[in-house]
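Worksheet for the structure shown next.
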Amino acid sequence: MNFPDDLNPLVDALAAALRRRGWRIATAESCTGGLIAAACTAVAGSSDWFERGFVTYSNEAKTESLGVPAALIAAHGAVSEAVARAMAAGALAHAHADLALSVTGIAGPGGAVPGKPVGTVWFGWAGRSGAAGAELLQLGGDRAAVRQATVRHVLAWAAAHAAKASS
């Protein structure tokens, strides 16, 4: 599979930073359907730093594979800060990784609800150090554009975070 050329430097930077740190990552993806994991594993040698990916598109998959409480999804919706954080924490708990990245969002064209338009994406992270967080993205464009922008953002964030941690 061919990825946009602008992903290569992001993945290379991420790989270099993770190798310097001796870290491995895991991903938990909903709206991107595995594109982050695919971009990472498109690089030869990624088994040195990419541990595993979870594609948890349905609410049931989030609960069964990552341990996201169904009550949390019911209370906040699948596209929420709480669920993004829980997905990252669940990926970290179910993987042999040092950093877990998660995304959950509305790529469109349907799925928008009041307060959550198409292009709403929550990105979460959790690390073995105890660091965790989430970030709300409001992205424009069609389904492909939202998914591609999400992948770019997550890879850039992870590369910058791992580089800071390794200095």
Most fluctuating residue given options ALA89, ALA17, ALA75, as computed from a GNM of the chain linking Cα atoms under 10 Å: ALA75
Residue-normalised value, i.e. accessible area per residue, for the chain at 1.4 Å probe, in Å², stands at 44 Å²
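Report, to two decimal places, the Cα Rg of segment 1-127 normalised by 2.2 N^0.38 Å (N = number of residues).
Numbers: Rg = 14.7 Å, N = 127, 2.2 N^0.38 = 13.9 Å.
Rg over 2.2 N^0.38 Å, computed on Cα atoms: 1.06.
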Plugging the Cβ-Cβ distance of SER129 and GLU81 into 1/(1 + (r/R0)^6) at R0 = 22 Å yields, to the nearest 0.05, a FRET efficiency of 0.65
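Mind ordering 6-12, 22-28 by average Cβ neighbours within 10 Å, highest first?
Numbers: 6-12: 16.4, 22-28: 23.6.
Per-residue mean Cβ counts within 10 Å order the peptides as 22-28, 6-12.
For LYS164 and ARG143, calculate 0.36 nm times their separation in residues minus their Cα-Cα distance, and state this gained length in nm to one decimal. Walk me through the intermediate numbers first.
On the way: separation 21, 0.36 × 21 = 7.56 nm, distance 3.18 nm.
Computed gain between LYS164 and ARG143 is 4.4 nm.
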Roughly how many percent of the accessible protein surface of the chain is carbon and sulfur, given a 1.4 Å probe and a whole-percent answer? 55 percent
Hey, what do the phi angles of segment 42-47 turn into as Karplus ³J(HN,Hα) couplings, whole Hz, using 6.51/-1.76/1.60 and θ = phi - 60°, x for Gly and Pro? 6, 8, 4, x, 5, 5
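Express in % the proportion of alpha carbon pairs of segment 44-114 at distances exceeding 21 Å. Present the calculation step by step, with values, prior to reporting the outcome.
Values: 719 of 2485 pairs.
Taking all Cα-Cα pairs of segment 44-114, the fraction more than 21 Å apart is 29 percent.
The values are calculated or read from the model by the stated rules, or taken from the named source; none is laboratory data. From a predicted model like this one, the values you see are computed outputs, not experimental measurements. Every residue, glycine among them, receives a Cβ derived from its backbone with ideal geometry; neighbour counts consider all protein chains shown. To get the accessible areas, we keep the full protein, side chains included, count just its heavy atoms, and leave off ligands, DNA and RNA. Shrake-Rupley method; radii C 1.70, N 1.55, O 1.52, S 1.80 Å.
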